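To start, the structure itself, in structure tokens.
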Amino acid sequence: MNRPSASKNGKRPKIGITMAPDERDQGFAVVPVQNIPAHFVRAVWEAGGLPIPAPTTAVPPAASAEYVDMLDGLILTGGGDVDPANYGQPRHELSTRIVTERDTREIELTRRALARGMPILAVCRGMQILNVTLGGSLHQDLITAGRDDHQLNRPPRGGSHKVTITPGSLLAHAIGTEYLQVNSLHHQAVHRLGKDLQPVAVAPDGTVEAIEITGKSWALGVQWHPEWMYQEDPKQLGLFRAVVHQACSGARRNRII
Ligand code: MN
């Protein structure tokens, strides 16, 4: 059961999962920590990858290069809002939970991964980081922008709105269907698309719910959280299988180069 769907010389490809800075009160002190939701770890393992934590604070910028050298694939995880300074806008009062050090590290990881042809699966905030890295911008608050409320799921296991997927896209291949019910735990979304990105799923109100890179690279961003949904809806594991599969072929390509 749960045998890898793809392998790199018989080994699981190393899939980096970016960690979210947080704090934990341990009684004697409030300690800075970095978290990865266990759902991501389990999903990567079940898809055949080896989950590797990738720090986003407490290491110098040069660490990004070493992580990208070691990894075969990258997952950008969810979290607080991206500092709008990264896309040249003043901070709206509803942009919250900003950690500029995490932004900087994830943008650097993304830039280096793309340069290496490393596959990227970008989830929620991660999709926003992918867009911003490539020069795109975000709606800082969807309701303020005249869109529907997208902070709907409590808890997030079930779907709360439909998305329509572009036929023939990487996303369509990964999921295997044209319509999907997804959870929705975001108040920001892609506004101006970054360079070489195209929208591949939209919500009924027109909000971009998935983006992917054109050309030879493999990078796919989804605005929902498949890691919360795949146990009830196995189609969602297809996203993790897709990045693991690409990580196997990408690793071979990098070695030849
Ligand atoms: Mn949504």
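The values are calculated or read from the model by the stated rules, or taken from the named source; none is laboratory data. Every value quoted in this text rests on a predicted model; they were computed, and no experiment measured them. Because the Cβ atoms are built from the backbone with ideal geometry, glycine has one as well, and the counts that use them run over all protein chains shown. The protein model used for the area step is the full one, side chains on, heavy atoms only, and it has no ligands, DNA or RNA in it. Shrake-Rupley method; radii C 1.70, N 1.55, O 1.52, S 1.80 Å.
If you place +1 on the Cβ of every Lys and Arg, -1 on the Cβ of every Asp and Glu, and leave all else neutral, what size is the dipole of segment 19-93 about its Cα centre, to the nearest 20 Debye? Spell out each step's value before the answer.
Numbers: 3 positive and 10 negative charges, 17 e Å.
With only Lys, Arg, Asp and Glu charged at Cβ, the dipole is about 80 debye.
Can you send over the solvent-accessible area of Leu94, 1.4 Å probe, protein chains only, in Å² to the nearest 10?
Approximately 70 Å² for this residue.
Would you mind checking which residues have amide H under 5 Å from Ile52's amide H? H placed 1.01 Å from N; only 5 or more apart, or other chain.
When sequence neighbours closer than 5 places are left aside, the close amide H contacts are Ile15, Gly16, Ile17.
Using the Karplus curve 6.51 cos²θ - 1.76 cosθ + 1.60 with θ = phi - 60°, work out ³J(HN,Hα) for each residue of segment 132-139 in order, rounded to whole Hz, and write x for Gly and Pro.
5, 4, 9, x, x, 10, 10, 6
Please give the Cα centre distance for segment 159-192 versus segment 16-78, rounded to the nearest Å.
25
First check a/c for segment 80-172, with a ≥ b ≥ c the square roots of the eigenvalues of its C-alpha gyration tensor; if it is under 1.5, answer rounded, and if not, answer prolate when a/b is larger than b/c or oblate otherwise. All intermediate terms of the calculation are to be shown ahead of the outcome.
Details: a/c = 1.78, a/b = 1.08, b/c = 1.65.
Oblate shape, in that a/c is at least 1.5 and b/c is the bigger or equal ratio.
Considering only protein heavy atoms, what per residue accessible area in square angstrom results for the chain with a 1.4 angstrom probe?
Per residue, the chain has 45 Å² of solvent-accessible surface.
Highest mean first, how do 228-241, 22-35, 141-154 rank when packing is the count of other Cβ atoms within 10 Å averaged over residues? Please list the in-between numbers first.
Values: 228-241: 19.6, 22-35: 10.8, 141-154: 14.8.
Highest to lowest by the protection proxy: 228-241, 141-154, 22-35.
With a 1.4 Å probe and every protein chain kept in, tell me what percent of the accessible surface of segment 152-257 is carbon plus sulfur.
55
Near the amide H of Gly136, under 5 Å away, which other amide H atoms are found, from residues 5 or more places off or on another chain, if H is placed in the peptide plane?
Those lying under 5 Å, H to H, from Gly136 are Gly194, Lys195.
Could you order peptides 8-21, 200-213 by the average number of other Cβ atoms within 10 Å of their residues, highest first?
Result, highest mean Cβ count within 10 Å first: 200-213, 8-21.
Of Ile15, Ile165, Ser95, which is farthest on the positive side of the dipole of the chain, counting Cα position, with +1 on Lys and Arg Cβ, -1 on Asp and Glu Cβ, and the Cα centre as origin?
Going by the Cα projections, it comes out as Ile15.
For the chain, give me the percentage of DSSP beta bridges that are antiparallel, rounded to the nearest 5 percent.
60
Based on Cβ point charges of +1 for Lys and Arg and -1 for Asp and Glu, what charge dipole magnitude is obtained for the chain about its Cα centre, in debye rounded to the nearest 20?
1080
Using a ≥ b ≥ c from the Cα gyration tensor of the chain (square roots of the eigenvalues), is it rounded, prolate or oblate, where a/c under 1.5 gives rounded and otherwise the larger of a/b and b/c decides, a/b for prolate?
It is rounded, given that a/c, with a ≥ b ≥ c, falls under 1.5.
Just to confirm a number: summing +1 for Lys and Arg and -1 for Asp and Glu over residues other than Ala47 whose beta-carbon lies under 10 angstrom from that of Ala47, what do you get?
Local net charge: +2.
Modelled label-to-label distance, Arg157 and Gln198, 7 Å Cα→beta-carbon offset: nm?
It is 3.7 nm.
Report ³J(HN,Hα) in whole Hz for each residue of segment 228-238, in order, from the Karplus equation J = 6.51 cos²θ - 1.76 cosθ + 1.60 where θ = phi - 60°; Gly and Pro get x.
7, 10, 5, 6, 7, 10, x, 4, 5, 5, x
List every residue whose amide H lies under 5 Å from the amide H of Asn35, counting only residues 5 or more places away in sequence or on a different chain, with H placed 1.01 Å from N in the peptide plane.
Result for Asn35 returns Ala20, Asp22.
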